[in-house]
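I am attaching a structure below and will ask some questions about it afterwards.
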Amino acid sequence: MADLFEAAGLTPQQPSPLADRLRPQQLDEVVGQDHLLGADGPIGRMAQAKRLSSMILWGPPGTGKTTIARLLAKAAGYEFQQLSAVFSGVADLKKAFEAAKLRRAAGQATLLFVDEIHRFNRAQQDGFLPFVEEGTVTLVGATTENPSFELNGALLSRCQVYVLKRLDDEALHTLLAKAEAHEGRALALESDARAALVAMADGDGRYLLTLGETLFNIGSARPLSTKDLGQVLQKRSPAYDKDREEHYNLISALHKSIRGSDPDAALYWLARMLAGGEDPLFLARRLIRAAAEDIGEADPMSLVLANAAKDTYDFLGSPEGEIALAQLVVHLACAPKSNAVYVAYGAAMKAARETGSLMPPAHIRNPTTRLMRDLGYGKGYAYDHDAPEGFSGQNYFPDGMERRTFYKPKGEGSEARIKERLERWAGMRADRKT
């Protein structure tokens, strides 16, 4: 009598997904991670020596983290035990450690693989420490998040962190060839469509094989074009998490592209973030900062235009308002650059902290009462508009503080004229002092 699973077609005879059927059986079959798994790579050396150290495998989805852990245990002769931080709790960890203790007593080493290890809270991560420290388990944790943000420093100090690369086009084409060899037939794709399929995978090998399996199952009497492929498969959104490291990586790339005067790269990163669902007003705020920090007085209108672009987006909304952000990105990237104001402000803040509560010199204090006037407030003040050339050259720093130069214009764009004026005033100040 058929049970519910058989009625639904979920029988043991049902084939597993193509990605599972093509899972490598040896470490040298893993593609795209030769920097770690090659003969001279750190993990490859461990496997050859059959002595493993605890490690964290950090990389994007579909790059082989689970497979590497499983094959590493096989190569070194360790018992492989797997947990997922999504589904496991303290009780599961205790069972795993007890089982590892028993194996160790029998002379068998244990590789404990923890998927999504960053999902364990700090207290749970601390629970690994004594068992890793004494060698009860060799921990291999897998994470898609930056370990320095998500994992305890104490745990990181006991593990090597290895970075897995996003699979490049060559590695993805190799996977497609393996899939076709396994199926005994080629995918019915034109050359451009094949390249488009690889691009759709976005560096994720498992996702590429899932797309390939869909095409194998659908079948086609003729090779599919790129347009046909788009109709058959839906392109997923780019990997982008507004709360995680990728957010900071991309906004950093946008800001540095603007600072580096590369409008094309800056537009690309702007588009990447907008395509990933980033809040356009967050981008507008960062662009306003770039205008103030990296352009400053070299092109003072940049700050005005940055605020105008923010107001334009507020008024038009998406997608029309995003054109204003694109225009701003191009303007900022092409504008002359100077961080002189940014540097000057930092230096002034440092001086302010160092000098404490020094008062302004008496001649520029405001004599609002008779007592203040009797104390000399405002005495000897020179009204600059009445001075020759509109410049008195008086001292405006506190008594007891040497004059300092914080703002040093670089002479780019509008700052060239500012630099010229400051140098002329400095000469006049020196002449009048003598």
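The values are calculated or read from the model by the stated rules, or taken from the named source; none is laboratory data. Computed from a predicted structure; not experimentally measured. Counting neighbours? That spans all protein chains shown, and the Cβs are built from the backbone with ideal geometry, glycine included. Accessible surface areas use protein heavy atoms only, side chains included; no ligands, DNA or RNA. Shrake-Rupley method; radii C 1.70, N 1.55, O 1.52, S 1.80 Å.
Please give the length that would be gained between residue 183 and residue 248 if that part of the chain were fully extended, namely 0.36 nm times their separation in residues minus their C-alpha to C-alpha distance (nm, one decimal). Could you put the intermediate results ahead of the total?
Numbers: separation 65, 0.36 × 65 = 23.40 nm, distance 4.12 nm.
Taking residue 183 through residue 248 to full extension adds about 19.3 nm, to one decimal.
Which cross-chain or sequence-distant (5 or more) residues have an amide H under 5 Å from the amide H of residue 141, H modelled 1.01 Å from N in plane?
Close amide H contacts, sequence-distant or interchain: 55, 56, 57, 114.
To the nearest 10 degrees, how steep is helix 301-316 against the longest Cα principal axis of the chain, on a 0 to 90 scale?
50 degrees
Here's a follow-up. Taking R0 as 45 Å, what's the FRET efficiency between residue 402 and residue 149 from their Cβ-Cβ distance, rounded to 0.05? Can you show the working numbers first?
Details: r = 43 Å, r/R0 = 0.96.
Calculated transfer efficiency: 0.55.
Here's something else I'd like to know. Kindly work out what percent of the DSSP beta bridges joining two residues of segment 59-184 are antiparallel, to the nearest 5.
Values: 0 of 10 bridges.
Close to 0 percent.
Starting at the first residue of segment 103-116, write each ³J(HN,Hα) from the Karplus equation 6.51 cos²θ - 1.76 cosθ + 1.60 with θ = phi - 60°, in whole Hz, x for Gly and Pro.
So the Karplus estimates, Gly and Pro as x, are 5, 4, 5, 8, x, 10, 7, 10, 9, 9, 9, 10, 7, 6 Hz.
What list of ³J(HN,Hα) couplings, whole Hz, do you get for segment 131-136 from phi and the Karplus terms 6.51, -1.76, 1.60, once you set θ to phi - 60° and write x for glycine and proline?
So the Karplus estimates, Gly and Pro as x, are 6, 6, 4, 8, x, 4 Hz.
Oh, and also: What residues have an amide H closer than 5 Å to that of residue 167, excluding those fewer than 5 places away on the same chain, when H is modeled at 1.01 Å from N in the peptide plane?
Correct list: 205.
Cα centroid distance between segment 289-306 and segment 314-392, in Å?
15 Å
Okay, next question. Mind ranking 54-63, 126-135 by how tightly packed they are, going by the mean number of other C-beta atoms within 10 angstrom, highest first?
Details: 54-63: 22.3, 126-135: 14.9.
The packing order, highest mean first, is 54-63, 126-135.
So what is the accessible area of the chain per residue, in Å², with the probe set to 1.4 Å?
On the way: 24350 Å² over 434 residues.
Each residue of the chain exposes 56 Å² on average to a 1.4 Å probe.
With θ set to phi - 60° and the Karplus curve 6.51 cos²θ - 1.76 cosθ + 1.60, what are the ³J(HN,Hα) couplings of segment 247-258 in order, to the nearest whole Hz, using x for Gly and Pro?
So the J values, rounded to whole Hz, are 4, 6, 5, 6, 5, 5, 5, 5, 4, 6, 5, 5.
Let me ask you something else. Taking R0 as 30 Å, what's the FRET efficiency between residue 122 and residue 279 from their Cβ-Cβ distance, rounded to 0.05?
Values: r = 29 Å, r/R0 = 0.97.
Efficiency computed from Cβ-Cβ geometry: 0.55.
Using a basic spin-label model with each label point 7 Å from the Cα along Cα→Cβ, how many nm lie between residue 386 and residue 431?
Those two pseudo-labels are separated by 2.2 nm.
Quick check: residue separation of residue 347 and residue 326 times 0.36 nm, minus the Cα distance between them. What number comes out in nm?
The residue 347-residue 326 span can extend by a further 4.3 nm.
In the structure displayed, which of 165/350; 227/310; 337/379; 256/433; 165/256; 310/408 lie more than 32 Å apart, Cα to Cα?
Numbers: 165/350 41 Å; 227/310 37 Å; 337/379 42 Å; 256/433 43 Å; 165/256 23 Å; 310/408 30 Å.
Checking Cα-Cα distances, 165/350; 227/310; 337/379; 256/433 exceed 32 Å.
Along the Cα→Cβ direction, 7 angstrom out, place labels at residue 368 and residue 195. What is the inter-label distance in nm?
7.2 nm
I've got another one for you. In nm, to one decimal, how far is the modelled label at residue 307 from the one at residue 106, with both set 7 Å along Cα→Cβ?
The modelled label-to-label distance comes out at 7.4 nm.
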